[in-house]
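Input: a single structure, listed below in structure tokens.
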Amino acid sequence: MKNLLAAVLLAAVSCGATRNLTFPDGFWFGAGSAAYQVEGAWNTSGKGESIWDRLSHSKQALNPQTETADVAADQYHHYKEDVQGLKKVGFNFYRFSVSWPRVLPKGDLSVINQDGLDYYNNLINELVNNDIVPIVTMYHWDLPQHLQDLGGFANDIIIDYFEDYANLLFTHYGDRVKWWITFNEPLSFVNGYSSTMIAPAVNAPGVGLYLAAHNVLKAHARVYHLYDDHFRSQQRGKVGITLNTEYPMPKTNSEADINATEIYLQFQLGWFAHPIYSSEGDYPAVMKERVANKSRAEGLPRSRLPEFDEHWVKYIRGTHDFYGMNLYTANLISLSNTTADATVPPNSDMGSIIAEQDPSWPYEGLNSFRYTPFAMRKMLKLISDNYNNVSIFITENGWCDHGEINDTMRARFLVNYYAAVLDAIHLDNVNVIGHTTWAFVDTFEWFTYSTRFGLFYVNFTDPARPRTPKFSTTILSSIIKTRKLPEEYLDKE
Ligand code: BGC
């Protein structure tokens, strides 16, 4: 009998039947969006111009084919319908961002736009009345142009302005909003201070992005402390930041590639995570050392990476109630044997490091967004191990294609990435609060509409912007209802 039981158990393990596919109680499911990517109504009812309005319009003036998000999915006029869509799928929460220039057209408190405040008030009420928890990002890349004219994140006056803006949001919405994300992906948006590819298109490589990041970290901490000092005791919410890095893995087992991966990780993730989430605080040692050495070699009198004094190290350290993690895919990291691969900082500060993807990893939309479900479990564990078992909220994760309604690959993506989340929870004891599918509706994908992340298809050529639920929403609905993953879409191990 004992032997029979052992044989049955062994068979179960070898065919993977013991994989726990059930979500723990309290695990949250949601979908996300960002103001500039979905709202449209770019100059409606007193909204000010943002840096993305400015950049897309100036590109369009040069090339009429350039897409803008002037209308996008027009969520500004469709928010009630979208809340019904969220409800129909069964989502527990909606992650959206507030457009700073919609509520403060000039960025500072000189003009407060009541219509803008009302819009988010109505959206929040609509969500709450439909039992959907609002999760609010304060900054998803659309800085008021007026503040950019003063230098944007390169000017440390931004710390005061961001605090004023956050204060306004806590005051107006904090009775109903209990989850706040200060910044979305600083690693991505500070590139707007080192190239002309994204807003604000300030071409100051090696200097601008480090300066902007420095002020982002200080502004984040200021807002966390503001919440602690003035709002937390009554509102009892949580404040965090959303960081991103695709899961970096050494391309080969060579020591050189393993070292390169560690350096890359610290320059990508450690840059923002170490000051906030590590026990010591401050930038990672390897980053400080490398940028200082490189700056010296360039004949500069000081490091291009600004320094935090002791006050700021302490003030920033620990300013989190959760870790917001955006994760889509993986990267293979290797040490290049030519320096030509790394001429621009921060790449040149890292050394000659190459980040690439395995061509065998599938993709349907953008080839940098390849299907790598293993990256999810590994990244969750890496963050948990490196940052004291912090609670992680997956604030973005999703699949892009060219708009298939019968999006079976998105269903496969979600099921297998969810399974990896469950492995991290059940096997690695990682603390995961919930998962946000990116995106709820098709978005303006930062210059294009042809790459689509939405669970709901949006017809961008129809002025009425009709939405159509894609096939993956039915799979999601049933997962949320049963709190269990269907075997049908699971990849064979
Ligand atoms: C950004 C989103 C974007 C998504 C897909 C993330 O980096 O936060 O705004 O749509 O990636 O590119």
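The values are calculated or read from the model by the stated rules, or taken from the named source; none is laboratory data. It should be emphasised that the depicted structure is a prediction, and the values quoted were computed from it without experimental measurement. Ideal geometry is used to build each Cβ from the backbone, glycine not excepted, and the neighbour counts take in all protein chains shown. Just so you know, the surface numbers come from the protein's heavy atoms only, side chains and all, with ligands and any DNA or RNA stripped out. Shrake-Rupley method; radii C 1.70, N 1.55, O 1.52, S 1.80 Å.
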Contour minus end-to-end for residue 256 and residue 288, with contour as 0.36 nm per residue of separation and end-to-end as the Cα-Cα distance?
9.5 nm
Under the Karplus curve 6.51 cos²θ - 1.76 cosθ + 1.60, θ = phi - 60°, whole-Hz ³J(HN,Hα) for region 436-445, x wherever Gly or Pro sits
10, 7, 9, 10, 5, 10, 4, 10, 6, 8
Fraction in percent of alpha-carbon pairs per bin - 10 Å, the chain:
4, 19, 31, 28, 14, 3, 1, 0
How far is it, in nm, from the label point at residue 478 to the one at residue 88 when both lie 7 Å from their Cα along the line to the Cβ?
1.8
In sequence order, what are the phi-derived ³J(HN,Hα) couplings for region 284-297 according to the Karplus relation 6.51 cos²θ - 1.76 cosθ + 1.60 with θ = phi - 60°, rounded to whole Hz, with x for glycine and proline?
x, 4, 5, 6, 4, 5, 5, 5, 5, 4, 5, 5, 4, 5
Any lysines with Cα under 18 Å of the residue 80 Cα? List them, leaving off those in the same chain fewer than 8 positions away.
88
Residue 155 versus residue 109, label points 7 Å from Cα toward the beta carbon: distance in nm?
1.9
Put 47, 80, 481, 294 in order of accessible area, largest first, 1.4 Å probe: what do you get?
481, 80, 294, 47
Mind jotting down the three principal axis lengths of region 343-462 based on Cα atoms? Whole angstrom, largest first.
49, 42, 25
At 4 °C and 1.567 mPa s, what whole-number value in µm²/s does Stokes-Einstein give for the translational diffusion of region 183-326, with Rh from the Kirkwood sum over Cα pairs?
79
Show that you can apply the helix-only estimate: for the chain, add -39,500 (n - 2.57) for every DSSP H stretch of four or more residues, divide by all residues, and state [θ] at 222 nm to the nearest 500.
-12000 deg cm²/dmol
Starting from the Cα of residue 196, step 7 Å along the direction of its Cβ; do the same at residue 405; then give the gap between the two resulting points in nm.
4.2
What lysines does residue 87 reach when the alpha-carbon gap must be under 24 Å and sequence neighbours fewer than 8 apart in one chain are set aside?
178, 238, 470, 481, 484
Under Karplus coefficients 6.51, -1.76 and 1.60, residue-wise ³J(HN,Hα) of region 227-239 in Hz, glycine/proline x
4, 4, 6, 10, 10, 4, 5, 8, 8, 6, x, 10, 10
Can you give the Rg to Rh ratio for region 31-158, taking only C-alpha atoms and Rh from Kirkwood?
1.00
Got a sec? Which residues in region 146-166 would a label at residue 225 touch, if it sits 7 Å along Cα→Cβ and we count backbone N under 18 Å?
156-166
Taking placed amide H atoms and a strict 5 Å upper bound, the residues 5 or more places from residue 238 or on another chain that come that close are 179, 180
Using amide H atoms built 1.01 Å from N in the peptide plane, name the residues 5+ places from residue 323, or on other chains, whose amide H lies under 5 Å from its own.
391, 392, 393
For residue 297 and residue 203, what is the calculated FRET efficiency with R₀ set at 30 Å and r taken between the beta-carbons, to the nearest 0.05?
0.85
